[in-house]
Amino acid sequence: MSINKVTVLGAGAMGSQIAAHLINVGLKVQLLDIVVDEDNPNKLAKDALGRITHRKKGLLYDNNLAVNLTIGNFKDDLKEANDSDLYIEAVSEELDIKHDIWGKVAKVAKDSAILATNTSGIPIADIAEPFDQDFQKRFLGLHFFNPVRVMKLVEIIKHKGTDEKYVQELSDFTTYTLGKGVVICHDVSGFVGNRIGTFTGMDIAYRAEQEGLAVNEVDTLSGEILGRPRMGTNRLSDFVGIDIGYHVSHGLKDDPEEAEYFKLPQTPEYLVDQGWLGDKSGQGFYKKQEDGSKLIFDLEKKDYVQPKDVNFEILNDLGKDLKHNFNTIFEAKDEIGLFLWKTLRNLFFYSAINVGKATDEYKNIDRAMVWGYNWKVGPFQAWDLIGVERVAKRIEDEIDGIPGSDTELPEWVKGRTEPFYKEGEGISNVAEVQSFVAKTLWEKEGSSRLDVTEDGVLLLQMLTPNNTLSSDFQKDIIEAVDVLEEEDYKGLVLHTPGPHFSYGANLNLMKEAIDNKAQDTEVRQGTEELHQAVSRLKYAAKPVVAAVSGRALGGGAELLLHTPFVVAAAESYIGLVEVGVGLIPGGAGTVELADRIYRQNLTKPEKIARLSATLTTIATGSLSKNAYDAVQKGFLRETDQIVQNEDLVVAAAIDKVRSESKYNYIPQFKANYSVLGRDFIALAQSSLEAMRDGNNASDHDVLVGTKIAEVLAGGNIPGQTVVNEDQLLKIEVDNFVAVSKEEKTYDRIKHMLETNKPLRN
């Protein structure tokens with residue numbers, strides 16, 4: 001069944017976010033809520049519309065999309081037959097209220113409509129119970145994680161009466177139309193994400209209290225070193241709201257089947273009783289002082305105290321390499337090392353016993369924690385990093401020490417010898433990149449891999465550290481295009497391992513070159529080599545497509561600017577951000593944006609307007625808010641493709657190559673055109689100086705902005721002079737080298753490397 005129209009029941013925080021995301025993907029949406037004012041019956045839905053279209057809240061990719069939203073109320077708009085294909089309920093977590101709403105829907109919904117509740121705590125079967133069999137077979141849970149637009153995880157929960165047909169239909173819709181990561185759950189307390197997340201959070205907190213660990217010590221031990229959010233357990237609880245975790249944990253504790261696994265810490269109980277719920281109440285585990293410093297809550301003193309520095313010896317051996325961290329923890333004998341091991345051990349055990357109980361696939365547990373809790377790896381991925389058999393054996397040896405473990409480790413794990421994941425296998429529930437590969441043509445360590453599909457599409461994957469541009473990778477681009485053109489291949493897809501496309505050039509190498517006074521040699525040569533690489537992408541004889549998701553910054557943005565086609569995930573953040581370190585874009589990005597404008601049949605005022613907007617975008621280091629905004633900023637073309645699910649960008653890029661190859665691809669050609677020259681430079685300088693006079697720019701900003709303007713203008717030459725792209729590239733190289741010699745540029749680079757923050761000098 002095709003889903004084209006959706007009715008969202010409930011216009012509160014979650015309902016309005018769900019409605020907004022549905023609008024973002026092009027659906028017709030009806031948003032309803034109760035009547036609280038007879039004179040203004042749609043008040044709650046109107047208020048939600050205000051939140052949805054509020055420019056600073058960022059719920060919509062483009063506020064023009066709001067035309068697809070209609071608002072109403074339960075009293076007036078659930079009287080007659082309704083043609084919605086899907087209903088999503090997001091009203092208060094009270095069973096009677098949900099029964100009342102669904103009773104109204106049951107009378108007006110068409111027989112084929114799918115019926116879904118966004119509940120996070122009430123059993124799906126309990127909500128469906130009063131209704132007939134036909135209703136129940138179409139009824140299931142659709143649990144979005146907050147914030148809806150950003151969070152990838154959506155749990156689909158089936159109860160005993162749900163027809164699998166509707167599970168599959170809703171799963172396909174959520175994956176391909178909404179772009180989410182789907183986890184199919186059973187109708188158990190906490191479903192999967194909150195079930196596992198709450199267990200490990202409560203387990204850590206309970207044992208920390210027993211061992212006398214301070215609030216900030218717990219956060220250090222439960223954050224990045226375990227591949228989890230940097231905040232750690234307590235700080236994250238403050239951010240989300242302590243009462244949220246409190247209610248979920250009590251719900252699980254009250255479940256007879258789960259009670260034995262949940263030992264609840266005292267601190268959240270006390271904080272909730274006091275009304276100290278975290279950030280929303282001004283204090284929780286932490287309390288911010290007027291000077292910006294933070295106190296931590298001390299349970300013994302029932303008061304806030306100054307935190308002590310966290311100084312555990314094992315931390316000196318733990319870093320960003322999770323495999324190293326987990327193995328170090330596994331082998332540790334010290335008190336803190338054992339605390340960390342028990343954290344992993346208890347998580348592994350509880351995850352294992354929930355396969356078949358909370359969900360049928362162990363991958364679903366990993367998906368829930370990575371997509372819903374922002375973990376780097378899920379429990380079974382972490383287990384693999386230590387070793388399946390050695391972990392299982394130790395858990396069996398220590399089974400008596402695990403909360404509630406009066407049962408053994410499940411047989412499906414106990415007897416397992418193979419890792420949970422094959423080499424290169426991930427958690428995606430759509431086809432992964434590796435599944436497209438028929439043969440690997442090369443793999444250059446720390447640089448790239450070139451694969452080919454069964455039907456002859458080349459896949460060039462960047463494998464540099466942190467997806468930064470390197471001299472070797474630039475050479476790989478040229479070599480890959482050579483292979484493409486010289487042999488019988490259809491086209492090439494450029495992609496990188498997620499979640500981000502590329503952060504651009506290696507800033508450390510830039511600083512090193514400046515330290516060596518090598519601007520006229522290394523810097524110039526490196527810039528010219530990058531120009532050669534992106535030019536090969538742009539003018540390749542066969543189609544080249546970039547598959548982009550996450551951040552594409554600086555040189556990363558310039559790579560995709562030069563590919564003839566781009567497939568971008570909706571949540572793509574693209575920008576030429578070099579001004580933040582005192583440089584101009586050096587990978588021909590400025591030239592490419594100018595080239596696109598000059599190639600069009602525009603009047604002089606139109607050229608000025610377009611180039612001025614481009615100058616502002618580059619000179620301010622503006623970053624797109626999403627892929628649609630990237631189109632508005634000129635980083636993507638209107639002809640580039642946007643997909644909602646970042647896991648599908650490579651598949652879509654491959655399809656694009658196939659299509660272009662089949663229908664006689666015509667490569668790009670170099671053009672001559674008349675430029676604005678010094679007329680535009682003068683206008684740009686005037687604008688930049690006005691920004692400086694208004695304290696919105698520094699002298700160095702004006703200098704850098706002027707250098708960018710010179711590239712866009714085609715140089716300090718008379719207006720209407722005819723030039724070509726190569727001349728613009730020469731100006732860009734010269735200006736890039738020039739600004740790299742500025743002392744204030746060096747200061748910006750040094751400050752960014754030291755603090756990861758821009759310096760405005």
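The values are calculated or read from the model by the stated rules, or taken from the named source; none is laboratory data. If you're wondering where the values come from, they're calculated on a predicted model, not measured in any experiment. Virtual Cβ from ideal backbone geometry, glycine too; neighbours counted across all protein chains shown.
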Could you tell me whether Phe139 is farther than 18 Å from Asp33 by Cβ, touching a residue at least 60 places away in the same chain (Cβ under 8 Å) and of a type outside the set (D, E, K, R)? no
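Residue by residue, here is whether (1) more than 30 Å from Lys414 (Cβ to Cβ); (2) of a type in the set (A, V, I, L, M) holds:
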{"position": "Asn316", "(1), (2)": "yes, no"}
{"position": "Lys333", "(1), (2)": "no, no"}
{"position": "Leu338", "(1), (2)": "no, yes"}
{"position": "Ala358", "(1), (2)": "no, yes"}
Output the residues belonging to region 198-218 that are surrounded by 22 or more Cβ atoms within 10 Å (Cβ to Cβ) and within 29 Å of Thr359 (Cα to Cα). Thr198, Phe199, Thr200, Gly201, Met202, Asp203, Ile204, Ala205
Residues within region 708-758 that are assigned to a helix (DSSP H, G or I), farther than 17 Å from His531 by Cα, without any contact (Cβ under 8 Å) to a residue 40 or more places away in the chain and out of contact with any helix residue (DSSP H, G or I) (no Cβ under 7 Å at 6 or more places or on another chain), tallied: 4
Provide a single number: the residues in region 538-566 that are among the small types (Gly, Ala, Ser), surrounded by fewer than 24 Cβ atoms within 10 Å (Cβ to Cβ) and part of a strand (DSSP E or B). 1
Number of positions in region 46-68 that are under 20 Å from the mean Cα position of the chain (by Cα) and among the hydroxyl-bearing types (Ser, Thr, Tyr): 1
Go through region 162-179 residue by residue and tally those that are in a loop (DSSP other than H, G, I, E, B) and buried (at least 19 other Cβ atoms within 10 Å of the Cβ). 3
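Show me the helices (runs of 4 or more DSSP H) found entirely inside region 207-269 where at least 1 residues are touching a residue at least 12 places away in the same chain (Cβ under 8 Å) and within 19 Å of Phe326 (Cβ to Cβ).
215-221, 232-240
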Given the residues Leu44, Leu60, Leu65, which is the only one that is assigned to a loop (DSSP other than H, G, I, E, B), among the aliphatic types (A, V, I, L, M) and not assigned by TED's automatic domain parsing to the domain that holds His247? Leu60
Can you pull out every residue in region 454-470 that is buried (at least 17 other Cβ atoms within 10 Å of the Cβ) and part of a helix (DSSP H, G or I)? Asn467
Hey, could you check region 325-377 for residues that are more than 14 Å from Ile196 (Cα to Cα) and among the polar types (S, T, N, Q) and say which is surrounded by the most Cβ atoms within 10 Å (Cβ to Cβ)? Asn325
Name the helices (runs of 4 or more DSSP H) wholly inside region 315-398 in which the number of residues that are under 24 Å from Glu423 (Cβ atoms) and not aliphatic (A, V, I, L, M) is 3 or more. 322-331, 362-373, 379-386, 388-397
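Which ones in region 345-398 are among the hydrophobic types (A, V, I, L, M, F, W, C) and either free of Cβ contacts under 8 Å to residues at least 40 places away in the same chain or in the same structural domain as Val182 (by TED's automatic domain parsing) (or both)? Steps first, please.
If we filter region 345-398 for residues that are among the hydrophobic types (A, V, I, L, M, F, W, C), which is where we start, we get 347-349, 352-353, 355, 358, 365, 368-371, 375, 377, 380, 382-383, 385-386, 388, 391-392, 395.
Hits for region 345-398 are Trp383, Val388, Ala392.
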Positions within region 270-288 being surrounded by 21 or more Cβ atoms within 10 Å (Cβ to Cβ) and part of a helix (DSSP H, G or I), in sequence order: Leu271
Could you look through region 491-512, keep only residues that are buried (at least 17 other Cβ atoms within 10 Å of the Cβ) and hydrophobic (A, V, I, L, M, F, W, C), and pick out the one that is farthest from the chain's Cα centre (by Cα)? Met510
Looking at the structure I just gave you, is Ser661 hydroxyl-bearing (Ser, Thr, Tyr), surrounded by fewer than 17 Cβ atoms within 10 Å (Cβ to Cβ) and touching a residue at least 24 places away in the same chain (Cβ under 8 Å)? no
Quick check on region 682-690. Is at least one of its residues in contact with a His (Cβ under 8 Å, 6 or more places away or on another chain) and either part of a helix (DSSP H, G or I) or under 17 Å from His495 (Cβ atoms) (or both)? no
All but one of (1) within 20 Å of Leu712 (Cα to Cα); (2) modelled with pLDDT of 95 or more hold for Val649, so report the exception by its number. (1)
Heads up, the helices (runs of 4 or more DSSP H) in region 567-677 (entirely inside) with at least 1 residues that are under 30 Å from Trp371 (Cα atoms) are 627-633, 649-662
Condition first: among the hydrophobic types (A, V, I, L, M, F, W, C) and farther than 30 Å from Gln632 by Cα. Can you find one or more residues in region 54-76 that meet it? yes
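If you check Ala90 against the conditions, is it in contact with a Gly (Cβ under 8 Å, 6 or more places away or on another chain), in contact (Cβ under 8 Å) with a residue 60 or more places away in the chain, closer than 18 Å to Phe173 by Cβ and aliphatic (A, V, I, L, M)?
yes
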Filtered residue count, region 227-245, keeping only those that are at pLDDT below 90 and surrounded by 20 or more Cβ atoms within 10 Å (Cβ to Cβ): 1
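For Gly404, indicate whether it is part of a loop (DSSP other than H, G, I, E, B), without any contact (Cβ under 8 Å) to a residue 60 or more places away in the chain and surrounded by 15 or more Cβ atoms within 10 Å (Cβ to Cβ).
no
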Selection from region 289-310 of residues that are surrounded by 14 or more Cβ atoms within 10 Å (Cβ to Cβ), over 25 Å from His247 (Cα atoms) and not aliphatic (A, V, I, L, M): Lys294, Pro307
For Lys707, are the conditions met, namely being surrounded by 18 or more Cβ atoms within 10 Å (Cβ to Cβ) and in the same structural domain as Pro543 (by TED's automatic domain parsing)? yes
